[in-house]
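Reviewing the structure listed below.
The values are calculated or read from the model by the stated rules, or taken from the named source; none is laboratory data. None of the values given here were measured: they were computed from a predicted structure. Here Cβ is always computed from backbone atoms with ideal geometry, including for glycine, and neighbour counts include all displayed protein chains.
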């Protein structure tokens, strides 16, 4: 237990350059508070003390702004950066060394029973405001871009951006192990750029046709 608590603090010191020492992390980091509270409520949940587990988790939500259902399974060294607005559903499973930024939702779809929330494998990063919805697996070492909405499985070593989420990088390209969650490819912007270039080509062809037509009219009038 103490090793787990130490890991929860150490990962913040490693990942967050603003963290100066362990005491500061223990006292001031709401992400750590939410995780520690969840580890206790998850133990209560496994003992089938459902009501008290839910009650304590709601108290934690009130103070931290982070909602983690007591039934969710969380591995070692989860780092929740800032954390306000993070929601983690009942049947979520989170592996080791996962990073989650503020505003992330790991939620379900519809009212189905059983496994209805996502599984995040080891070394996954989910950036600010991203929504991962439904019972699917996010493969290890994958990154979900800020504001993305993921509705399908993501294979390992992938980068996903957009609404709905699209895989823009998979294997072959090394994904840096850092917190740079804004410098990601944008397939929507790339598509708009391609359409703009195509429109310019069409305008150019129209101008050429108009010039030819004007030249032909001029020739006919001179004759």
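To keep it simple, each residue is scored yes or no on (1) out of contact with any helix residue (DSSP H, G or I) (no Cβ under 9 Å at 6 or more places or on another chain); (2) closer than 30 Å to residue 28 by Cα.
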{"position": "73", "(1), (2)": "no, yes"}
{"position": "95", "(1), (2)": "yes, yes"}
{"position": "105", "(1), (2)": "yes, yes"}
{"position": "115", "(1), (2)": "yes, no"}
{"position": "124", "(1), (2)": "yes, yes"}
{"position": "127", "(1), (2)": "yes, yes"}
{"position": "142", "(1), (2)": "yes, yes"}
{"position": "151", "(1), (2)": "yes, no"}
{"position": "158", "(1), (2)": "yes, no"}
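Scanning the range 118-150 for residues that are assigned to a loop (DSSP other than H, G, I, E, B), touching a strand residue (DSSP E or B) at 6+ places or on another chain (Cβ under 6 Å) and under 16 Å from residue 92 (Cβ atoms) yields a total of 5.
Could you please find all residues in the range 160-174 being part of a strand (DSSP E or B), more than 10 Å from the chain's Cα centre (by Cα) and closer than 22 Å to residue 15 by Cβ? Lay out the reasoning, then the answer.
Step one: list which residues in the range 160-174 are part of a strand (DSSP E or B), which gives 160-161, 166-170.
Checking the rest, the ones that are also more than 10 Å from the chain's Cα centre (by Cα) come to 166-170.
169, the sole residue that qualifies.
Inside the range 1-65, counting only helices (runs of 4 or more DSSP H) that do not spill past its ends, which hold 2 or more residues that are under 21 Å from the mean Cα position of the chain (by Cα) and within 20 Å of residue 85 (Cβ to Cβ)? Once the helices (runs of 4 or more DSSP H) in the range 1-65 are filtered for at least 2 residues that are under 21 Å from the mean Cα position of the chain (by Cα) and within 20 Å of residue 85 (Cβ to Cβ), what remains is 2-15, 30-46, 50-64.
Restricting 83, 71 to residues that are assigned to a loop (DSSP other than H, G, I, E, B), more than 20 Å from the chain's Cα centre (by Cα) and touching a residue at least 24 places away in the same chain (Cβ under 8 Å) narrows the list to 71. Tallying residues that are surrounded by 14 or more Cβ atoms within 10 Å (Cβ to Cβ) and touching a helix residue (DSSP H, G or I) at 6+ places or on another chain (Cβ under 9 Å) within the range 12-23 yields 4.
What do you reckon, is residue 109 more than 22 Å from residue 30 (Cα to Cα), buried (at least 16 other Cβ atoms within 10 Å of the Cβ), touching a strand residue (DSSP E or B) at 6+ places or on another chain (Cβ under 6 Å) and in the same structural domain as residue 33 (by TED's automatic domain parsing)? Reasoning before the result, please.
On the way: more than 22 Å from residue 30 (Cα to Cα): yes; buried (at least 16 other Cβ atoms within 10 Å of the Cβ): no; touching a strand residue (DSSP E or B) at 6+ places or on another chain (Cβ under 6 Å): yes; in the same structural domain as residue 33 (by TED's automatic domain parsing): yes.
Here the answer is no, as residue 109 does not meet what is asked.
When restricted to residues that are under 29 Å from residue 17 (Cα atoms) and buried (at least 23 other Cβ atoms within 10 Å of the Cβ), the range 33-59 contains 4.
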